[in-house]
Amino acid sequence: MGKRTPLYEQHLTSNAKIVDFGGWDMPLHYGSQLNEHHQVRQDAGVFDVSHMTVVDLTGDKAQDFLRYLVANDVAKLETSGKALYTCMLNENGGVIDDLIIYFQTTSQYRLVVNAATRDKDIPWITKQAEAFGVAVTERPELAMLAIQGPNALEKALPLLDAELAAQVKDLKPFNAAWKGDWFIGRTGYTGEDGIEVILPPESAPELWEGLLANGVEPIGLGARDTLRLEAGMCLYGTDMNDETTPLVTALGWTVAMQDERDFIGRKALEAQKAAGVPQVFKGLVLEGKGVLRGHQVVKVDGLPDGEITSGTFSPTLKNSIALARLPAGVGDTVQVEIRKKLIPAKVIKPMFVRNGKSLID
């Protein structure tokens, strides 16, 4: 038996198919992954993401610490509640994890890191924090719900405390508001509008039931994966890991190197840039029959082979799509090896759908 979130019984009541996910018993789907995908694109769905790891940092040098710990620069964050997406790197520039940092004050920040990397993230963060006198407090008791879709706010806000709901309604994307132990960010992992709610575990079932009563459908991990892939969002352990740098995973935009700030992995990234980044991260759209899957070989004329990192059949586009790491200099078309056949694919920016709309020309 794996670890269970405060909503485990609600998942069973909704006839979820439970699977092991990083040591957690989590819902894969509630009957139809395809219907759940369309529900989020067209209306609103709720995900139980209580397995994610919430970490609070406090201390006079919390900002200095984070400027050293991660590749993006938290000094950009000046407004309380503003969020930043970044990567935490090792000395070789490899991605230990990707995470979101919420600014509260220069001495207080909240981090949300991946569940699958928790066991290496917490020791790493704690070790690096020692030199800065920063307290690292994991918050495993908190629950977390992601409410996503074009109608997410309309259906979720009436269930929140009136004062908090008023703040959330006016939030711009990648900002957060909080009241007590309720913390709500205008963030998500689907390419749709929505919020992510961090809340006390005893409050989670009531919010979940209220959402379902308002027509927000429960969504499992299966649809979460196809939604994030359509949105071109990377999955840790699949599209990146501690052996790949942000520069070969289309995450160069999350690396702030404009000043002399020293951060873990900077020297390795500078060396990679100076030598010439050998690979690029692109999107693929299959132009023949078949389904793109992770680890399939991508043939590029006159260049070394590339590899698909994530692939699926897109329910929104009704076509097979993928994220792939390809040799620098790749053109507009490649061939993917599927069942010993070479199938042509179009090379595009690694983003396919946003706010329910196709981004493919």
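Worth pointing out:
- Cross-linked pairs K267/K341; K169/K282; K61/K282; K82/K282; K155/K357: Cα-Cα separations exceed 31 Å for K267/K341; K169/K282; K61/K282.
- Under the Karplus curve 6.51 cos²θ - 1.76 cosθ + 1.60, θ = phi - 60°, whole-Hz ³J(HN,Hα) for the stretch 180-189, x wherever Gly or Pro sits: x, 8, 8, 10, 10, x, 7, 9, x, 9
- GNM top mover of L157, L221, L69 - the chain, alpha-carbon springs below 10 Å: L157
- With the alpha-carbon atoms of the chain aligned to their principal axes, the span from lowest to highest coordinate is 59, 50, 41 Å, starting with the largest.
- G2 long-range amide H proximity, modeled H, under 5 Å: D25
- Among F132, F103, F174, residue whose mean-square fluctuation peaks in a GNM of the chain (springs only between Cα atoms under 10 Å): F132
- Given R0 = 35 Å, the distance between the Cβ atoms of T13 and K349 translates into a calculated FRET efficiency of 0.25.
- Shape of the stretch 119-196, Cα gyration tensor, a/c cut at 1.5: prolate
- Cα gyration tensor shape of the stretch 213-361, rounded if a/c is under 1.5, else prolate or oblate by comparing a/b with b/c: oblate
- P(r), alpha carbons of the stretch 11-63 - 10 Å bins starting at zero, rounded %: 19, 38, 22, 13, 8
- Proximal aspartates and glutamates to K349, defined as alpha-carbon separation beneath 13 angstrom and excluding residues fewer than eight positions away on the same chain: E230, D332, D361
- Net charge contributed by nearby residues that have their C-beta within less than 12 Å of T137 (K/R +1, D/E -1): -1
- Along its three principal directions, the equivalent ellipsoid of the stretch 174-296 from the Cα gyration tensor extends over semi-axes of 34, 24, 11 Å, largest first.
- Among I184, I343, I321, residue whose mean-square fluctuation peaks in a GNM of the chain (springs only between Cα atoms under 10 Å): I343
- Interchain or long-range residues, amide H under 5 Å from T333's placed H: V347
- Nearest-0.05 FRET efficiency for N241 and Q108, computed from C-beta distance (R0 41 Å): 0.85
- The distance between label points at L212 and V291 comes to 2.8 nm (points 7 Å beyond Cα on the Cα→Cβ vector).
- Inverse mean reciprocal Cα-Cα distance (Kirkwood Rh) of the stretch 259-323, Å: 14.3 Å
- For the stretch 105-156, the Kirkwood hydrodynamic radius comes to 13.8 Å, computed from all pairs of different C-alpha atoms.
- Amide N proximity, the stretch 321-335 versus D361 label position 7 Å along Cα-to-Cβ, cut-off under 13 Å: 332-333
- Converting phi to 3J(HN,Hα) with the Karplus coefficients 6.51, -1.76 and 1.60 and the offset θ = phi - 60°, the stretch 300-314 yields 10, 4, x, 9, x, 5, x, 8, 6, 9, 9, x, 6, 8, 7 Hz in sequence order, with x at every glycine or proline.
- Three-way shape call for the stretch 6-105 based on the alpha-carbon gyration tensor, with the a/c threshold at 1.5: prolate
- Dipole of the chain, positive direction: furthest Cα of G356, P123, A75, with charges on the beta-carbon: G356
Bear in mind that the values in this text are calculations on the coordinates, not laboratory data. The shown structure was predicted, so the numbers you read here are calculated from the model rather than taken from an experiment. Cβ sites come from the backbone with ideal geometry, for glycine too, and all protein chains shown count toward neighbours.
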